[in-house]
């Protein structure tokens, strides 16, 4: 059996050492994040137990509702648009709960690399973040399930074949677990950097929800509480990626694996329905779509919507402002990487916009 290398390094003892030593910088950042978590953290699960959504309101901004900006939008009445907004909210946060489960798994792998004499601060932070992620998972699954039961009378996302991310993440995590055995420093860097890139999309989505003026207020507050927690988690993903990139000797393998991740969404060509299904988890979902179109609110538009979806066109075109904000966050997340890598990464990110 190959002995598993550790990642412990001496903890820096002065501010200058903290600036120069990536391991010390990471521990220092974890300490500040722990303090902020104690100061600002609030349980989403406790909050969501105390309200029921107002189903007469929009749950996401109109720009995020399926068919906004397409020829179908003007054919939909207000009730149909509100209904689609509520299913989209459930779809988004059902996906978030799946992705955050993967974050918990990556935290467990990271924690397993820390020797028993490692900094307690970093261990405490990883455990605290995992605790917060499980709180988010439970909260959003509760909310998503309530919306599903209200509209369909049964779960529609957590059934076999419906949750794309659950299937993808099981395969991905199994591969990551094996890779951690042989190159833990590189895999910590890669997994946390990819988490930062995924959070860029989530934070951009939530920012749009928080800026909307016609949203259901309780769900908007739930989103705000999550946004505050994820600001800490995103910052920590950045610091872990940056620190471990230095600790791993700026390995070219880090660059290669991240670029491979950015390439994957483009596979299949610009009109790939398989690719669209990932970015439109409700109307493209093979389990949810039939239930969605059979619903009394949408039934009269089912044939029209089916023809549109089968054409392969995007049901939710991404606005220029929204994508620009997403790119800014991605570029910030990768700012410590070599210039040639950042150029390639930016090209791949821009290609996603036009695909």
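The values are calculated or read from the model by the stated rules, or taken from the named source; none is laboratory data. Note that this is a predicted model, so its numbers are computed, not measured. Reconstructed Cβ throughout: ideal geometry from the backbone, glycine too, with neighbour counts over all protein chains shown.
Of note:
- Residue 35 within 30 Å of residue 299 (Cβ to Cβ), surrounded by fewer than 15 Cβ atoms within 10 Å (Cβ to Cβ) and out of contact with any strand residue (DSSP E or B) (no Cβ under 7 Å at 6 or more places or on another chain): no
- Check on residue 106, touching a strand residue (DSSP E or B) at 6+ places or on another chain (Cβ under 9 Å) and part of a helix (DSSP H, G or I): no
- Flag for residue 85 being touching a strand residue (DSSP E or B) at 6+ places or on another chain (Cβ under 7 Å), part of a helix (DSSP H, G or I) and touching a residue at least 24 places away in the same chain (Cβ under 8 Å): yes
- Test: residue in the stretch 177-199 that is modelled with pLDDT of 90 or more and under 30 Å from residue 291 (Cα atoms): yes
- Residue satisfying all of: in the stretch 311-352; exposed (fewer than 14 other Cβ atoms within 10 Å of the Cβ) and farther than 24 Å from residue 69 by Cβ; nearest to the chain's Cα centre (by Cα) among these: 332
- Test set (1) assigned to a loop (DSSP other than H, G, I, E, B); (2) more than 21 Å from residue 226 (Cβ to Cβ) - residue 53 fails condition number: (2)
- Single unsatisfied condition, residue 139 versus (1) buried (at least 21 other Cβ atoms within 10 Å of the Cβ); (2) modelled with pLDDT of 90 or more; (3) in contact with a helix residue (DSSP H, G or I) (Cβ under 7 Å, 6 or more places away or on another chain); (4) closer than 20 Å to residue 61 by Cα: (4)
- None of 74, 79 is without any contact (Cβ under 8 Å) to a residue 24 or more places away in the chain, at negative phi and either surrounded by fewer than 16 Cβ atoms within 10 Å (Cβ to Cβ) or not in a helix (DSSP H, G or I) (or both) except 74.
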